[in-house]
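Enquirer: Here's a structure for you.
The values are calculated or read from the model by the stated rules, or taken from the named source; none is laboratory data. Since we're looking at a predicted model, the values are computed, not measured. Here Cβ is always computed from backbone atoms with ideal geometry, including for glycine, and neighbour counts include all displayed protein chains.
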Amino acid sequence: MSCSDELKGYRGRARQRLGEWGVRVWSDVRVTNTAGSVFEGVILPRSETFDDLHLVLKLHNGYNVGVHVDRISTIEEIGYREAVYKIPEKEFPARPDLPKVTLLGTGGTIASRLDYRTGAVIPAFTPGELYGAVPELADLCNLTTKKIFGVFSENMSWPEYATLAGAIGEEIEAGADGIVIGHGTDTMGHTAAILSFMVQNLPVPVVLVGSQRSSDRPSSDAALNLIHAVRAAAYGDIAEVQICMFGPTSDRYALLHRGTRCRKMHSSYRSTFRTVGDTPLCLVSRDEFTILNGDYARRDSERQVRIDPTYDDRVTILYYYPGMKPDLVDALVDRGYRGIVIAGTGLGHVNKPLYPALERAVRAGVQVMMTVQTLWGYAQMYVYDTGRDLLDLGVVPLDNMLPETALMKLGWVLGHTDQHAEVKRLMQTPISHEITAREPHNGYLILQGGLPEVEDFITSHWK
Amino acid sequence: MLTSADVPLDVTRRTMSTAFDYAAAGLKVGLEVHQQLLTQEKLFCRCPAGMYTSQHDGSVLRHMRPTLSELGEYDGTALMEFKTKKNIIYLLHESNVCTYEMDDTPPFLLNPRALDIAIEQCLMLGCDIVDEVHIARKQYLDGSIPTGFQRTAVVGVAGRIPFQGRELTITQVTLEEDSCREVSDRGHLIVWRTDRLGMPLIETVTAPDLRTPEEVEEAILLIGRVCRSTGHVRVGIGASRQDVNVSVTGGRRVEIKGVSKAGWARKLVHTEAIRQVRLLELRDELHRRGLTRPADIGIEHFDVTDLFVASELSQLRRESWQRLIDEEGRRPGFELGRGPFSVRAVRLPGLAGTISHPTQPGLTFAHELAGRIRVIATLDQQPTLFHSEKWPDYAESRVEFDRLLRRTACGPDDAIVVVWGAEEDTVTAAEEVRIRYADATDGVPHETRQPLPDGRTDFERILPGPDRMYPDTDSPPQRLMPERIEQLRAPLPPAPWVREGRYAAAGIPRSTIRYLIRRGGARLVDLVVNEGGADLRRACFLFGEELKALRRRGLGIDRIADAQWLRFFEILESSPVIWEARSRLVEVMAGSPATDPGELASSLDLGNAPEGWRERVVSLARTSVLDHSNGRPGQRLRFLMGLAMYELRGKVSAHAVENLLLEELGGAQ
């Protein structure tokens, strides 16, 4: 172990004093401070984001305290106890009668352990580690795991999407009965959307899963989410890219959401993912599947998967707001962006001062798409003059495609063609229900608390 | 060592102290005193603190899984509680919980007011304040906190307070969030109300310095007085509770949880000392039989449902089980474990006679077994078990019991425990019987026990260890600057023992002193004495005795501001006679807290002798007659005083009136 590791995370004055005292991280010490108080415990690594004045001790009763290094009068090493922080690893039992599921890891907190240095959680990932943490998985499938990358979901981007699409193709070729992708939840919707275009004609389910409460906590949704996702991959009938996360915040069931129609709607709730503009595909419990939307591609091992990971990442979303200046659009064109998805107001509108800039953009060959920032409902640009004017400028309305899905699709389409007519045709032709012909009346349900009938419902159902 | 026969079964104060030698047993007791802090908001969110509801307008269903501690180990309690497979329901009310309590929103920054009050409490307890507060997560898988852990942080360490001529060591003081209130616990379903969840409290941990039940009671009262002396903590039902940690020589620390009254603790400590001594006797007996290690305990269990299908022992028949389930609406896979109704016999080789080994007064080792079965196997029907050393008596009792012995191949040296319920749960129960006996080979297991009103205790859970602690990655550590601490120290009231000494020297009765400190009246006493020049004894009498009665009448005494009290004593300074009408004046002050007490006194004509009062008193003395003739000496005087003072109290001193009357009555007396 190198010297720097021995003082992990300690900087400046604290580091200097630790060196003088000859103690290190994991030293079991007796510290006496200038007030005569005695602390006995193990020196823990310190987060690099904390100050350089305190020593962190894990007291023998389990509590941590910070002791100011200038208040320490004596420090005596009485032992050394390096933590072996590891999820108990047990060999994942092989059961020839069970389906084969591959778990592809991208990072995130589906199963994890703590990292002292940053206070972050590190994913636990091998089948053995997962079996130690979620033994129920062994009753469901034969599990293979592959770590594709270890990034937080906000760091997922186009190259990762392409790699992931390739990996899915390989696993299907290798005979997987279903694929689970462990993913951070922040951008899970984006990944699900792009995979819906890059991976087509799926014979088996591809299920993205994550957790809203990290798995280092007893109340975590991670284990149950993973169980549901593995069930959906191993036994589910829906051979599409889908997101599997808690339906309600209670530990009850998961919902399977179609990759192109799903959005994270709360920064921290367990039931954060919601299908927008349609019903979710399916309800998954520990014992059964309940199909909620019968319009899906069924599992069919004969089907040949098509991997098409082409992309152009010079695309962006312009979230329109009143008073937006046209120079924003000009700047995007100047910087070489090839596609702009506008999240417009109402039925798909922006203000008039933007028109010339949009016209310049279209003329420069930039593809300009229109979606709605209301998320629910269609861009219907024939209703008002403003809409018709925009159509005349060459802005392409995308009906009820979600803005993020439109961004992903536009990047993918631009990887194939630059021709406006062809881009327009491809964007307006749904591949995986990213545009739906009809919005069912139960596709828009945002219940409002306080209403008597809603209160009746929420008092009689677990949230 | 004491034998069971020596130990008294009842727990009255008299027998406690005389018949059990705590010193010989090596009794050691430490306390964890929980005290809610008086803040507007909760500790980690902005919900109102102290708003309790009995209704709910939403609920959540959750489960808990054990996780690794920072040092990479599973905690024993955590694993035990995972075995119970509890369905946990949280009842929510919009008025007092938000999505933080539901564990659907991360914590907001620590409530600074709560931290200030915690620091004050530490200073009052003579603690050293830590330099940097680190918030930890302490796992609780019983569901009492929806996250599965309590957020808690050490604020002070190494305190000392004077106690019975020596010092009581305060090991540490932590600031933590309060837990949910239990609504019901039935089979595999436990229901919690979330209103109390997240309220700030401090836990004061003492060293195991206490040696008798009486000392425990005194120490609880003392810490309570220290806590309340700042007036910044909550009072009333549930605002303070203590866990009492008890051990005897050769035994182990056992935590008796949630003791709300100091006097109750006394009885509980006594009983626990006895229980531990007796468990050590049982250990010795097991060792004599060659059962020295946990691995030496072997059990065998059998499904014996068929033996009892027509038994008079109705509990063991499927129909009565079904009736219980129907009556309570228990759902399979929810309140109930999996599998059909089963009666399971657990044979315990070589353990004959040990089930009826006495433990607590009136209880035997069977109660220890029943506790674990009730909690961990969730077989909570009564009785929890039958056993071979006290098989119930009924017509076919002997025949059925013999059949049971044959079926289980039970020999004369063996014992049998019978449990019943859903099959899965009976198998768990059999394993728990084995584990409890395995623990018995080692004496006293580390346990958390729940107190019963009669001073006995029942199993609650295995005592958690340090493995359940890990850092809260959602909350940054907080540096406590010396300036902040000194700012908080400056206005602190003197320690209760300092006040107690001062008040006692002035001749104030002990009960009054305690009341003043407990109820915060001492602060007002010191205020009016130090700043208003009031007489200490008068102030103590007013705030410690008289106001009690007025408060009981529902007058808003606590609405009277400090400045009004100072003014009250200022008025007394110039018109001492008003003291005699103090109750009247205080009553009016409580009714008009915004009006100057001087004005109120004037409006009542206090402090000024009314014109012609002497004449009226004299006339009264001459004309009034007692309604019976042969009054004892002084009776007439008192009667007349009463009549006169009715009008003159607070205007003319009683002394002056009395003198006048004496003069007038003269020879008549």
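Enquirer: Across region B:147-169, what is the total count of residues that are among the aliphatic types (A, V, I, L, M) and more than 11 Å from chain A (Cβ to nearest Cβ)? Spell out the reasoning first.
Expert: Looking only at region B:147-169, we keep the residues that are among the aliphatic types (A, V, I, L, M), and these are B:153-155, B:157-158, B:161, B:168.
Filter again for more than 11 Å from chain A (Cβ to nearest Cβ), leaving B:161, B:168.
So the count comes out to 2.
Enquirer: Given B:L463, B:L480, B:L516, which one is aliphatic (A, V, I, L, M) and farther than 30 Å from B:F149 by Cβ?
Expert: B:L516
Enquirer: Which one is nearest to A:V29 (Cα to Cα), of the residues in region A:43-56 that are at the interface with chain B (Cβ under 9 Å from one of its Cβ atoms) and free of Cβ contacts under 8 Å to residues at least 40 places away in the same chain?
Expert: Residue satisfying both the conditions and the ranking: A:V56.
Enquirer: Check whether at least one residue in region B:167-182 is touching a Cys at 6+ places or on another chain (Cβ under 7 Å) and in the same structural domain as B:N96 (by TED's automatic domain parsing), and report yes or no.
Expert: Scanning region B:167-182, I find at least one residue that is touching a Cys at 6+ places or on another chain (Cβ under 7 Å) and in the same structural domain as B:N96 (by TED's automatic domain parsing), so the answer is yes.
Enquirer: With the condition kept exactly as written, say whether any residue in region B:476-489 is of a type in the set (A, V, I, L, M), touching a residue at least 40 places away in the same chain (Cβ under 8 Å) and part of a helix (DSSP H, G or I).
Expert: yes
Enquirer: So, one more: Step by step: first the residues of region B:447-470, then only those that are within 14 Å of chain A (Cβ to nearest Cβ) and within 22 Å of B:E272 (Cβ to Cβ), then the one that is farthest from the chain's Cα centre (by Cα). Which residue is that?
Expert: Per the stated criteria, the residue is B:G465.
Enquirer: Could you tell me whether B:F20 is among the aromatic types (F, W, Y) and modelled with pLDDT of 95 or more?
Expert: Here the answer is no, as B:F20 does not meet what is asked.
Enquirer: Here's something else I'd like to know. Can you tell me which condition B:A581 does not meet? The list is (1) within 30 Å of B:R234 (Cα to Cα); (2) assigned to a helix (DSSP H, G or I), and all the others hold.
Expert: Against the list (1) within 30 Å of B:R234 (Cα to Cα); (2) assigned to a helix (DSSP H, G or I), B:A581 comes up short only on (1).
Enquirer: Within region B:269-283, does at least one residue satisfy the condition of being hydroxyl-bearing (S, T, Y), touching a residue at least 40 places away in the same chain (Cβ under 8 Å), surrounded by 15 or more Cβ atoms within 10 Å (Cβ to Cβ) and in the same structural domain as B:D414 (by TED's automatic domain parsing)?
Expert: There is no residue in region B:269-283 that is hydroxyl-bearing (S, T, Y), touching a residue at least 40 places away in the same chain (Cβ under 8 Å), surrounded by 15 or more Cβ atoms within 10 Å (Cβ to Cβ) and in the same structural domain as B:D414 (by TED's automatic domain parsing).
Enquirer: Still on this model: Given the options A:T249, A:T290, A:T279, A:T316, name the one that is touching a strand residue (DSSP E or B) at 6+ places or on another chain (Cβ under 8 Å) and outside any strand (DSSP E or B).
Expert: From the options A:T249, A:T290, A:T279, A:T316, the qualifying one is A:T249.
Enquirer: Let me ask something additional. Test A:T275 against the criterion of being under 17 Å from the mean Cα position of the chain (by Cα), among the hydroxyl-bearing types (S, T, Y) and under 20 Å from A:I435 (Cβ atoms), and give yes or no.
Expert: yes
Enquirer: Is it the case that some residue within region B:602-612 is hydroxyl-bearing (S, T, Y) and either modelled with pLDDT under 85 or touching a Ser or Thr at 6+ places or on another chain (Cβ under 6 Å) (or both)?
Expert: no
Enquirer: Going by the structure shown, is A:P280 more than 14 Å from chain B (Cβ to nearest Cβ), surrounded by 16 or more Cβ atoms within 10 Å (Cβ to Cβ) and not aliphatic (A, V, I, L, M)?
Expert: So A:P280 passes the test.
Enquirer: Among the residues of region A:419-440, what is the count of those that are over 18 Å from A:G259 (Cα atoms) and among the polar types (S, T, N, Q)?
Expert: Counting residues in region A:419-440 that are over 18 Å from A:G259 (Cα atoms) and among the polar types (S, T, N, Q) gives 1.
Enquirer: Evaluate the following for A:V67: is it at the interface with chain B (Cβ under 7 Å from one of its Cβ atoms), part of a strand (DSSP E or B), under 17 Å from B:I135 (Cα atoms) and aliphatic (A, V, I, L, M)?
Expert: So A:V67 fits the description; yes.
Enquirer: With the condition being without any contact (Cβ under 8 Å) to a residue 60 or more places away in the chain and within 14 Å of chain B (Cβ to nearest Cβ), I'd like the helices (runs of 4 or more DSSP H) fully within region A:119-236 carrying at least 1 qualifying residues.
Expert: Fully inside region A:119-236 and qualifying: A:127-133, A:222-235.
Enquirer: Anything in region B:105-130 that is within 14 Å of chain A (Cβ to nearest Cβ), more than 24 Å from the chain's Cα centre (by Cα) and surrounded by fewer than 23 Cβ atoms within 10 Å (Cβ to Cβ)? List them, or say none.
Expert: Result: B:T105, B:P106, B:P107, B:F108, B:D128, B:I129.
Enquirer: Here's something else I'd like to know. Return a yes/no flag: does region B:461-471 have any residue that is more than 30 Å from A:I43 (Cβ to Cβ), outside any helix (DSSP H, G or I) and not assigned by TED's automatic domain parsing to the domain that holds B:A370.
Expert: The answer is yes, given that some residue of region B:461-471 is more than 30 Å from A:I43 (Cβ to Cβ), outside any helix (DSSP H, G or I) and not assigned by TED's automatic domain parsing to the domain that holds B:A370.
Enquirer: Any residue that is modelled with pLDDT under 90, crowded, with 19+ Cβ neighbours inside 10 Å and either assigned to a strand (DSSP E or B) or hydrophobic (A, V, I, L, M, F, W, C) (or both) - is there at least one of those in region B:327-338?
Expert: So far as region B:327-338 goes, yes, one or more of its residues are modelled with pLDDT under 90, crowded, with 19+ Cβ neighbours inside 10 Å and either assigned to a strand (DSSP E or B) or hydrophobic (A, V, I, L, M, F, W, C) (or both).
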